[in-house]
Every structure is written in structure tokens, then in C-alpha cells.
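**Student:** One structure is given below, represented as C-alpha cells, and several questions about it will come after.
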Amino acid sequence: MHPAPLEPRALELARTLVQFNTVSANANLPLIHFIRDELARLGVKSRLTHNADRTKANLFATLGEGKPAGLILSGHTDTVPWDGQDWTVDPLAAVVRDDRLYGRGSADMKSFIALALAQAERFLASEAPFAIHFAFSYDEEVGCFGVKELIADLREAGIAPVACIVGEPTGMVPAIAHKGVYRYRCCVRGKEAHSSLTPQSVNAIEMAARVIGRVRDMAETFEREEPRYEGFDVPFSTASVGQFHGGIADNVVPRDAEFRYEFRDLPTADARAMQAEVEAYARSLEPAMQRVAPGTGFRFETICEIPSFLGSADDEVTRLALRLAGAERTTQVAFGTEAGLFKQAGIRTVVCGPGLIAQAHQPDEYVTLDQLARCQAFLQGLVAARRID
């Protein structure tokens with residue numbers, strides 16, 4: 001069954017949000033203030049939680065104040081950059097062509113936010129026995145930093161929604177699981193020397209290479225031994241090194257080296273235990289390093305920790321999402337989302353939104369108008385929903 005055509009106002013809002021440049025390195029306040037002002041015209045107040053330098057903010061708003069329960073519609077406002085990508089359209093022009101909306105963030109995931117905003121008046125007038133909450137965050141793409149502040153604010157304010165729909169692009173098929181994303185930086189301090197005097201030095205690159213080898217060994221062990229979690233493209237946890245820097249010249253034993261690596265853990269695995277194994281191995285190398293030079297060793301920093309997500313096909317919010325989407329099955333996704341953080345906060349969660357991740361982060365990112373129409377029908381169905389708990 002084909003959904004009703006996309007409403008002009010919904011498409012207008014989607015185009016407007018795409019036109020804001022909210023690459024994670026930039027402020028998102030113009031977009032957040034636009035949404036705040038749109039809601040204020042309907043008499044809805046917004047809670048803003050800012051980052052430390054107040055250049056970015058989350059927005060939380062409740063449509064249906066006083067109702068005993070609430071369902072969050074969650075989306076992130078930041079996007080990845082497009083530097084060096086071969087676009088045929090302006091990434092910020094929000095071009096509509098061939099029944100597609102093009103632009104950075106069109107699929108991931110400003111269109112979902114726009115469609116939710118377009119339904120705000122309907123949500124306010126709904127006789128459904130639960131409130132709809134908007135939760136729009138900053139810095140998801142670089143580590144889900146904003147939503148952690150948003151969730152903490154809700155806890156402090158005593159706001160306790162019972163369910164959450166994260167509108168990441170799943171092709172409007174509800175997703176109930178994804179892997180976690182845990183990224184770390186390892187900084188190695190050695191002792192420099194002329195390369196003809198290597199016994200008097202500690203080679204930071206070589207020490208880093210030993211730890212990198214351990215990360216690779218762990219990856220091979222996951223692939224060889226970890227119990228499979230069917231449904232994922234890669235049904236076991238993974239580990240990989242993404243960046244390496246070190247050395248200043250061919251004839252100088254390097255004093256410093258740095259590398260970054262990540263674990264993508266299954267919902268049944270423990271990424272922090274994986275990191276503990278890496279750190280323990282590095283510490284085992286330090287005594288020999290420090291016999292040459294006492295100040296040598298390893299330092300680890302956490303870049304981001306995005307927990308895996310494991311919902312349930314039996315959760316009421318999942319059954320609701322299946323019903324509203326007209327879907328016959330759930331799915332699992334390979335990418336990380338904020339869903340695990342909402343789940344950790346005790347909020348039953350499902351991931352379901354328009355578009356496909358294959359179009360996200362790509363040149364000429366797009367979402368089809370059909371997907372937007374399907375999401376519109378999904379959201380309008382919430383108006384008539386009778387329960388979520």
C-alpha cells in the first residue's frame with residue numbers, strides 16, 4: 001500500500017534543516033533556535049542543554065504536557081563533513097530532483113527531525129494517552145556526546161519517558177540491535193637517540209607496533225572464536241587501527257608515536273574488557289622500556305564510547321513501530337546510534353527512520369520522497385495510537 005503524498009510543509013522543513021551547515025565542527029545553534037522558535041509559535045517550551053562553550057545545544061520539548069507517559073522521537077542535528085567528496089550538487093542546497101531530496105544530512109538524519117516537527121500541531125491535538133517528546137542532540141557523529149547531557153538533564157528534572165524511537169535511516173524497518181563503537185588513542189613516549197645508538201633508546205614506533213599487533217591478534221581471535229550473532233553483516237566483534245603518527249627522521253629513533261583504534265562489539269560482548277586487555281598488554285611492556293629510560297611508557301585516552309544496543313521484538317515500542325511502519329520484520333544495523341544510551345537510561349527503544357545508511361556520509365547523499373512519505377504516515381499513526389506501555 002502506497003502512503004499518502006508527502007505534505008509540502010514537511011518537505012519545506014526538511015529542505016530548511018538540510019540548508020543549515022551543522023557539520024560537527026560547527027555550531028548547531030541556528031538550527032536548534034529555528035526548531036525552538038517553530039515550537040514556540042505553537043505554545044511549546046523547549047529545554048536547551050548546552051556544551052561547555054555554549055556553541056551547541058540539545059533541544060528537548062514535550063507535546064502533551066501533563067499526560068502520564070511519554071514517547072521520545074530522537075534525532076541528532078550534526079552531520080559529517082563533505083571535504084574531498086565528489087558532489088554533483090551543492091551539499092547545502094537541498095535540491096529536490098528525481099523524487100529525491102539531496103544534501104548532507106538528508107538521510108542522516110535531518111529529514112526525520114523535520115517530519116516530526118511537521119507533525120507537532122497534530123501531536124498537540126492528539127487524544128492519545130501519552131505525550132510526544134522531541135529530543136534533538138548535538139555531536140552524535142563524533143561520539144554521542146550531546147545526548148548524554150540531554151539524558152542527564154532529564155534525569156535531574158525527573159522527566160521519565162517510557163519509550164524512544166531513534167529516527168536513524170533504517171528504510172522504515174524497525175531495528176532492534178546494533179554494535180557498539182569504542183574508540184581510543186594510545187600515546188607512546190620513548191627515548192630518542194641517533195639511529196646508530198639504538199641500545200641507548202626506546203623506539204616509540206616499535207613499542208606502538210607491538211600493541212597494534214595485539215589489537216590485530218584480538219581481531220583475529222574474535223573472527224575465529226567469538227560466538228556468532230546472526231543478522232549482522234559481520235556477525236562477530238571487530239577491532240581495527242585507523243590512524244598512526246610517529247617519528248621525525250629516518251636516522252632518529254622516534255621518541256613519540258600515537259595511534260587510534262576502535263572496537264565494534266556485539267551486544268553480547270564487552271568492549272571495556274577488550275580495552276582492559278590492550279592496556280594490560282601495554283603495561284607489560286613498560287618495565288623493559290623504563291630500564292632504559294624511566295619516563296617512557298604508554299598513555300591511553302578515550303575518544304568515544306557508544307554502547308551497543310539490544311532491544312526486543314516483544315517490546316511494546318517495537319510492536320508499535322512495526323504496526324505503524326507496516327513492516328513484517330525487524331532488522332539489525334551495522335552503524336552506531338544513540339539507542340544504547342536511551343536503553344541504558346531505562347527507556348525501551350527501537351531505531352526506525354527514513355532513508356538508507358548506504359546513502360549517508362556519501363557524495364550526493366539523498367533520501368527518496370517515498371521514504372519520507374512512509375515516515376510521515378508512521379508519525380501520523382502515532383496520533384491515533386492508544387498505548388505504549
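The values are calculated or read from the model by the stated rules, or taken from the named source; none is laboratory data. Keep in mind it's a predicted model, so treat the numbers as computed, not measured. With ideal geometry, Cβ positions are generated from the backbone for all residues, glycine too; neighbour counts draw on all protein chains shown. Please note that ligands, DNA and RNA were not included when accessible areas were found on the heavy atoms of the full protein model with its side chains. Shrake-Rupley method; radii C 1.70, N 1.55, O 1.52, S 1.80 Å.
**Student:** Got a number for residues in the range 270-296 being open to solvent by less than 60 Å² (accessible area, probe 1.4 Å), touching a residue at least 60 places away in the same chain (Cβ under 8 Å) and farther than 17 Å from residue 209 by Cβ?
**Tutor:** 4
**Student:** Same structure, new question: Filter the range 193-231 for residues that are in a helix (DSSP H, G or I), touching a residue at least 40 places away in the same chain (Cβ under 8 Å) and of a type in the set (Val, Ile, Thr) and give the result.
**Tutor:** 198, 205, 211, 212, 215
**Student:** Do we find a residue being in contact with an Asp or Glu (Cβ under 8 Å, 6 or more places away or on another chain) and assigned to a loop (DSSP other than H, G, I, E, B) anywhere in the range 52-69?
**Tutor:** Yes, because at least one residue in the range 52-69 is in contact with an Asp or Glu (Cβ under 8 Å, 6 or more places away or on another chain) and assigned to a loop (DSSP other than H, G, I, E, B).
**Student:** Moving to a separate point now. State whether one or more residues within the range 163-180 are farther than 30 Å from residue 243 by Cα, part of a loop (DSSP other than H, G, I, E, B) and among the aliphatic types (A, V, I, L, M).
**Tutor:** Looking for residues that are farther than 30 Å from residue 243 by Cα, part of a loop (DSSP other than H, G, I, E, B) and among the aliphatic types (A, V, I, L, M), one finds at least one in the range 163-180, hence yes.
Okay, residues lined up against (1) in contact with a Phe, Trp or Tyr (Cβ under 6 Å, 6 or more places away or on another chain); (2) surrounded by 14 or more Cβ atoms within 10 Å (Cβ to Cβ):
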residue	(1), (2)
51	no, yes
62	no, yes
66	no, no
84	no, no
89	yes, yes
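**Student:** Say whether the condition of being within 20 Å of residue 381 (Cα to Cα) and in contact (Cβ under 8 Å) with a residue 60 or more places away in the chain is met by at least one residue in the range 141-162.
**Tutor:** yes
**Student:** Sort out which residues of the range 194-218 are among the small types (Gly, Ala, Ser) and surrounded by 19 or more Cβ atoms within 10 Å (Cβ to Cβ), and write them in order of number.
**Tutor:** If the condition is that a residue be among the small types (Gly, Ala, Ser) and surrounded by 19 or more Cβ atoms within 10 Å (Cβ to Cβ), then 201, 204, 208 are the ones that fit.
**Student:** Quickly run through the range 17-46 and pick out the residues that are outside any loop (DSSP other than H, G, I, E, B), open to solvent by 20 Å² or more (accessible area, probe 1.4 Å) and within 30 Å of residue 323 (Cα to Cα).
**Tutor:** If the condition is that a residue be outside any loop (DSSP other than H, G, I, E, B), open to solvent by 20 Å² or more (accessible area, probe 1.4 Å) and within 30 Å of residue 323 (Cα to Cα), then 38, 46 are the ones that fit.
**Student:** Out of everything in the range 140-163 that is hydrophobic (A, V, I, L, M, F, W, C) and over 26 Å from residue 335 (Cα atoms), what residue ends up being surrounded by the most Cβ atoms within 10 Å (Cβ to Cβ)?
**Tutor:** Going through the qualifying residues, I end up with 159.
**Student:** In contact with a Leu (Cβ under 6 Å, 6 or more places away or on another chain) and farther than 18 Å from residue 19 by Cα, is that true of residue 117?
**Tutor:** Taking the combined requirement at face value, the residue does not satisfy it.
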